Structures are given as structure tokens and as C-alpha cells.
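The values are calculated or read from the model by the stated rules, or taken from the named source; none is laboratory data. For clarity, every value in this text was computed on a predicted model and none was experimentally measured. Cβ placement follows ideal geometry from the backbone for every residue including glycine, while neighbour counts extend to all protein chains displayed.
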Amino acid sequence: MLEQFLQGLQDTSIATAIREGESLFPWIECVHVLALTLVIGSIGIVDLRLVGLASRDRGVAQTTASVLPVTWTAFVLAAITGGLLFASNATTYGHNFYFQIKMALIALAGVNMAVYHLFLNSGADAWHTPAATPIRARIVGGVSLCLWIAIVAFGRWIGFTINTPT
Amino acid sequence: MTLQSLDSFCNWLAATPFSQVLQTVGWIVPAVQTVHILAVAAVVSSALMLDLRLLGIRGKEQSIAATARRFLPFIWWPLPVLLATGALLITAEPARSLENPVFILKMGLLLTAAGITLACQVPLHKDAAFWELSAARKRVAKLIAAASIPLWVAIICAGRWIAYVQGT
């Protein structure tokens, strides 16, 4: 079932074009790298503020409001380009350990963020200083930072464990 | 340096024991690349946030000077990390980058981006309100930001293309 899906994905005309084209794969990778650096950098701004290490003179709500549109735009771009890169060699990536862990870590980062937004950020408008930021928010920020760093590492390892240029 | 001596330098560097370690211990290069990408993320995202403020698109509740104070450290401080990890990656495979036109292009673009960042930063040291004093200066600030964003995009693209373009 999964095998058939991966093979079907890989056989689509767009996946074939990316796989067999001269420069399509690297260009999509460029957009993917650009998008993921913006995802991680902008989430990092929020996380470092939650932990209390940066943007210390700004409230959490202010920091989040100015940064998150960048994060989401970049995330959509990263997901689309990542999906295209995956499709081009779906059967290989699908069985790659580092790819699987990377997807699991992204899901965990999503859960961490959802838990924060649904249950933990009530009163965030009043978190004007790091001292006023509760420990639960600091933990969420720290967990998010660790997860995203690991996501970059696993992403980079994919390139070294399958047979494409690194 | 002539191409021939560059070539012999690359060969010499690749044969050094240190380079040999980087080549043979499998986890070092991806680990160094991971740190490199994280540092790129800090620089590019900070530059974008500052540029978006200069353009008046995001963070307008904070002055340009305050936004610059907030983000400039995250543009400059990762730079030594980028140079160090970049140097390690060059040492691991010298000809891949040193003989690669895309790598030379990337370094040129990087110097330009650094110059543009300084052009925004230096006037703020003398006068925190420098970029907000007149309509003309606001326009120049927007031009700086509009030049900075495509430069960083090009630097990232060039960085990725190093892996695909053969050295001369």
C-alpha cells in the first residue's frame, strides 16, 4: 500500500521531470534551503524570546505577531519544495531513516506549538519582560529550539545517506 | 595566484592529516554543515526582519534604530561561525569550492551584503533617528532593504549550487 503510493508518486510526470532534469532539483533545493533558514531563524526569534535570551525589551505577543507571518509563509514554501524533492525519489526517501525521523521531529514541533497555543499561552499579552514570562513558556521555547536544531541535522544527514550530491 | 598553483594548494591541503580526518570521519562534514545552516538561518532571518522594518512592512511599532539594535548582533555574530565552519568544509574538500566559480560568486555576494548592512548600520551610530529624519532618507533605507533581500537569496542559492557546479 505504502510502497504503491511511493512508487506512484515517483512515477508522476512532475516527479520524473525533477529527477531527470539537469537543474530542477538543485533549484528546488535552493528554495527549500532559503525557506527552511527563514522558518528556523524566525521561530528561533520567538523561541529565544520565550526562553529570555533575546528581544528582551519586547513582549512575547509583540514578538510573535511581527515574526509568525514570516514563519508561516516560509513553512508553506518549505513544505511544498520539500514535497517536490521527496516525490522525485519517493521510494528512496520514504525508506531513509533520517528522513523518517525528520518528519517525526517536525510533527513533534507541531504538537509542541499546538499545545502552547491551545493551553499554555493565556495571558501572553502581559509577558512584557523575560521576568514576566512563566516557566511553562520558557520550556516550550527551549523544546522548540532543540527540535528545530535536530530537524536541520537530520535533514542534512538525508543527503549523506542516499545517493545524491551533498 | 595562477590556476596551477591554486590547484597544487588544493592538492596539498587535501593531503594534510587534518583534511584526511575530515574526509574519513563520516559524521564531521554533515555536522559542520548543520552548524553552518543554523548560522545562515540566524543571519538571513535577522537580515530579513531588519529589511522588512526598513521597508515598513513589519514591526513598525519599534523604531528602525531599536530594530537594528535587536537584529544586528544576530547578523554579525554568526559570521565567525560561518567562516570557521566554511573553512572546515573547504579543508575537507578544497577543490570543490576554491576552484568553483559559484563559490567565488558567493563570496563576492557576501562581501556586498556585508557592505550594504554596514551602510544601514553606520549612520545609526551617529544618529539613531538617521533613517527616519526625511522622506529622502526613508527612501534610501528602503532601497538598501530592497537590495539586501535579493542578495541574501542569491547567497543561499549560490551556496547550494556549489555542490552541483564542477570546479574549473
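Below is a table of values for the structure above.
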{"item": "Filtered residues of segment A:127-166 (kept if outside any loop (DSSP other than H, G, I, E, B), more than 14 Å from chain B (Cβ to nearest Cβ) and β-branched (Val, Ile, Thr))", "result": "A:Ile135, A:Ile139, A:Val140, A:Val143"}
{"item": "Those residues of segment A:12-30 which are of a type outside the set (A, V, I, L, M) and surrounded by 13 or more Cβ atoms within 10 Å (Cβ to Cβ), in sequence order", "result": "A:Thr12, A:Thr16, A:Arg19, A:Gly21, A:Phe25, A:Pro26, A:Trp27, A:Glu29, A:Cys30"}
{"item": "Filter pass, A:Leu38 being of a type outside the set (Gly, Ala, Ser), farther than 30 Å from A:Pro130 by Cα, free of Cβ contacts under 8 Å to residues at least 60 places away in the same chain and assigned to a helix (DSSP H, G or I)", "result": "no"}
{"item": "Odd one out for B:Leu13 among (1) of a type in the set (A, V, I, L, M); (2) within 12 Å of another protein chain (Cβ to nearest Cβ); (3) farther than 27 Å from A:Cys30 by Cβ", "result": "(2)"}
{"item": "Those residues of segment B:105-129 which are assigned to a helix (DSSP H, G or I) and over 25 Å from B:Pro78 (Cβ atoms), in sequence order", "result": "B:Lys126"}
{"item": "Candidates B:Gly108, B:Gly86, B:Gly115, B:Gly56, filtered to the one that is farther than 22 Å from A:Ile43 by Cβ, surrounded by 17 or more Cβ atoms within 10 Å (Cβ to Cβ) and of a type outside the set (A, V, I, L, M, F, W, C)", "result": "B:Gly86"}
{"item": "Condition met for A:Glu22 (at pLDDT below 95 and more than 11 Å from every other protein chain (Cβ to nearest Cβ))", "result": "no"}
{"item": "Complete set of residues in segment B:139-168 that are farther than 24 Å from B:Val44 by Cβ and in a helix (DSSP H, G or I)", "result": "B:Arg139"}
{"item": "Residues of segment A:30-43 classified as more than 7 Å from every other protein chain (Cβ to nearest Cβ) and within 16 Å of B:Met49 (Cβ to Cβ), total", "result": "3"}
{"item": "Selection count, segment A:103-149, where residues are within 24 Å of B:Ala42 (Cβ to Cβ) and of a type in the set (Lys, Arg)", "result": "1"}
{"item": "Selected residue [free of Cβ contacts under 8 Å to residues at least 40 places away in the same chain, charged (D, E, K, R) and part of a helix (DSSP H, G or I)] from B:Arg96, B:Arg58, B:Arg69", "result": "B:Arg69"}
{"item": "Residue in segment A:44-57 that is within 18 Å of A:Ala107 (Cα to Cα) and either in a helix (DSSP H, G or I) or at the interface with another protein chain (Cβ under 8 Å from one of its Cβ atoms) (or both) present", "result": "yes"}
{"item": "Flag if A:Thr91 is among the polar types (S, T, N, Q), modelled with pLDDT under 95, surrounded by fewer than 17 Cβ atoms within 10 Å (Cβ to Cβ) and outside any loop (DSSP other than H, G, I, E, B)", "result": "yes"}
{"item": "Filtered residues of segment A:126-144 (kept if in contact with a Gly (Cβ under 7 Å, 6 or more places away or on another chain) and not basic (Lys, Arg))", "result": "A:Trp127, A:His128, A:Pro130, A:Thr133"}
{"item": "Candidate set from segment B:28-60 (those that are in contact with a Phe, Trp or Tyr (Cβ under 6 Å, 6 or more places away or on another chain) and closer than 25 Å to B:Lys142 by Cβ); member that is farthest from the other protein chains (Cβ to nearest Cβ)", "result": "B:Leu50"}
